[in-house]
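One structure is given below, encoded as structure tokens.
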Amino acid sequence: MEQLVLDSRTRLLVLTGAGVSAESGVPTFRGMNGLWENHPVEAVASPQGFQADPALVWRFYSQRRTGAADVKPNPGHDALVRWEAHLGDRFLLTTQNVDGLHTRAGSQRVVDMHGNLFRTKCADCRREPFDDTSVHPSGTVPKCDSCGGRLRPDIVWFGEMLASADLERIGEFVSRKDGTRLVFLAAGTSGAVWPAAGLVDEVRTAGGETWLVNYESAANTERFQHFVQGLSGQVLPTLAKLV
Ligand code: BV8
Ligand code: ZN
């Protein structure tokens with residue numbers, strides 16, 4: 001198997017998707033055929049879906065909070081913690097996953113680019129998002145205790161822009177001019193959702209080296225210079241040479 005060399009001249013940007021959490025027992029989107037209770041996920045995870053039926057959306061996220069609460073990080077998450085310890089500020093992990101497993105594994109330089117399942121905000125006022133593990137009984141929509149409006153998970157829904165601070169942090173890392181060589185590794189992602197699916201092209205434009213670790217071919221596999229097919233929990237622990 002080709003080895004990813006992480007030496008003192010390397011800076012590494014990692015992008016993860018649902019596949020990295022699969023071995024922890026978190027269902028993937030493709031694994032669910034993109035459906036939840038026969039609703040296309042894009043329909044439930046959208047402002048329109050919330051406008052139309054907020055109780056349904058809260059049932060979706062309450063179920064996922066319950067599911068994600070009792071899972072544990074797997075060896076794929078742990079390998080990324082070791083790489084970060086080796087590279088320090090020459091490491092950045094951006095994840096499409098909202099399960100918080102990277103942070104639970106010990107990763108620090110993490111961008112939750114699509115938000116976090118265990119944080120809540122108000123749909124109707126600008127109060128600060130807050131940590132929240134509460135699961136709501138079916139049919140209920142929690143109310144905001146500062147404006148009385150509807151609370152919603154602090155998650156980036158389809159049709160919503162990602163946080164500009166997150167996009168800037170990723171952009172700064174990709175375009176950094178500090179004499180290091182840029183390496184990008186995507187793991188456990190089908191490359192179907194944008195702007196995450198376009199990161200490989202931004203890195204190529206910046207002259208970076210590109211790796212994909214995935215169980216099956218992704219929508220953008222041909223955009224990567226290296227494709228290592230396999231389970232991230234088995235591949236990531238042995239993929240990198242830390243020198
Ligand atoms: C936006 C939070 C501006 C919610 C999520 C350009 C072209 C086409 C469409 C668009 C475009 N630009 C924008 C769009 C629209 C849209 C989009 O991309 N639509 C897709 C469906 C075509 N993008 C957006 O709306 C984004 N916002 O662009 O705003 C704007 C606004 C208006 C109009 C235009 C532009 C916001 C996107 C974020 C949405 N929120 N999540 C929640 O989680 O509930 S996306 C969600 O789905 C996940 O976060 C993730 O991003 C995606 C699922 O993908 P993956 O994580 O890759 O998971 P998947 O199951 O698909 O694949 C898993 C892979 O792992 C598989 O390949 C499998 O083989 C592999 N695998 C499985 N097990 C393992 C494994 N690999 C290794 N090891 C294993 N063990
Ligand atoms: Zn409010």
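Relative contact order of the range 46-115, taken over Cα pairs closer than 8 Å and 6 or more residues apart, is 27 percent.
Could you state the accessible area per residue of the chain in Å², with a 1.4 Å probe and every protein chain left in place?
Values: 11280 Å² over 243 residues.
Result: 46 Å² of accessible area for each residue.
Given Cα pairs under 8 Å that are at least 6 residues apart, what percent is the relative contact order of the chain?
On the way: 438 pairs, mean separation 67.0, N = 243.
Relative contact order comes out at 28 percent.
Out of the chymotrypsin sites (Phe, Trp or Tyr not before Pro) in the range 72-134, which ones are loop residues according to DSSP with at most 16 other C-beta atoms within 10 Å?
On the way: sites: Trp83, Phe91, Phe118, Phe130; in loops: none.
Here no chymotrypsin sites (Phe, Trp or Tyr not before Pro) fit, given the DSSP loop and packing criteria.
Across the range 76-155, the relative contact order, built from alpha-carbon pairs under 8 Å that are at least six residues apart, equals 26 percent. Using only side-chain charges placed at the Cβ, +1 for Lys and Arg and -1 for Asp and Glu, the dipole size of the chain relative to its Cα centre rounds to 260 debye. Approximating the spin labels as points 7 Å out from Cα along Cα→Cβ, the Ala206-to-Arg169 distance works out to 1.4 nm. Placing Arg127, Arg82 in order of accessible area, with the largest value first and a 1.4 Å probe, yields Arg82, Arg127. Could you give the angle, 0 to 90 degrees to the nearest 10, between helix 164-175's Cα long axis and the longest principal axis of the Cα atoms of the chain? For 164-175 against the chain, the angle is about 10 degrees. Taken as Cα centroids, the range 135-199 and the range 1-71 sit 11 Å apart, rounded to the nearest whole angstrom.
Backbone phi angles across the range 223-239, fed through the Karplus curve with coefficients 6.51, -1.76 and 1.60 (θ = phi - 60°), yield HN-Hα couplings of 7, 9, 6, 10, 10, 10, 8, x, 7, 4, x, 9, 7, 4, x, 10, 6 Hz in residue order; Gly and Pro are listed as x.
Our coupling estimate for the range 3-10, obtained by passing each phi through the Karplus curve with A = 6.51, B = -1.76, C = 1.60 and θ = phi - 60°, is 10, 8, 8, 10, 10, 5, 9, 9 Hz, Gly and Pro reported as x.
Pairs to check: Lys72/Lys241; Lys121/Lys177; Lys72/Lys121. Give those whose C-alpha atoms are more than 30 Å from each other in this structure. The answer is Lys121/Lys177.
Taking the range 29-132, how much of its Cα-Cα pair set, in percent, is spaced more than 22 angstrom apart? Working shown, then result.
Values: 2166 of 5356 pairs.
Counting pairs separated by more than 22 Å, the tail of P(r) holds 40 percent.
The values are calculated or read from the model by the stated rules, or taken from the named source; none is laboratory data. Keep in mind that this is a model prediction, so the values were computed, not measured. Virtual Cβ from ideal backbone geometry, glycine too; neighbours counted across all protein chains shown. In case anyone asks, the SASA skips ligands and DNA or RNA and just uses the protein heavy atoms, side chains included. Shrake-Rupley method; radii C 1.70, N 1.55, O 1.52, S 1.80 Å.
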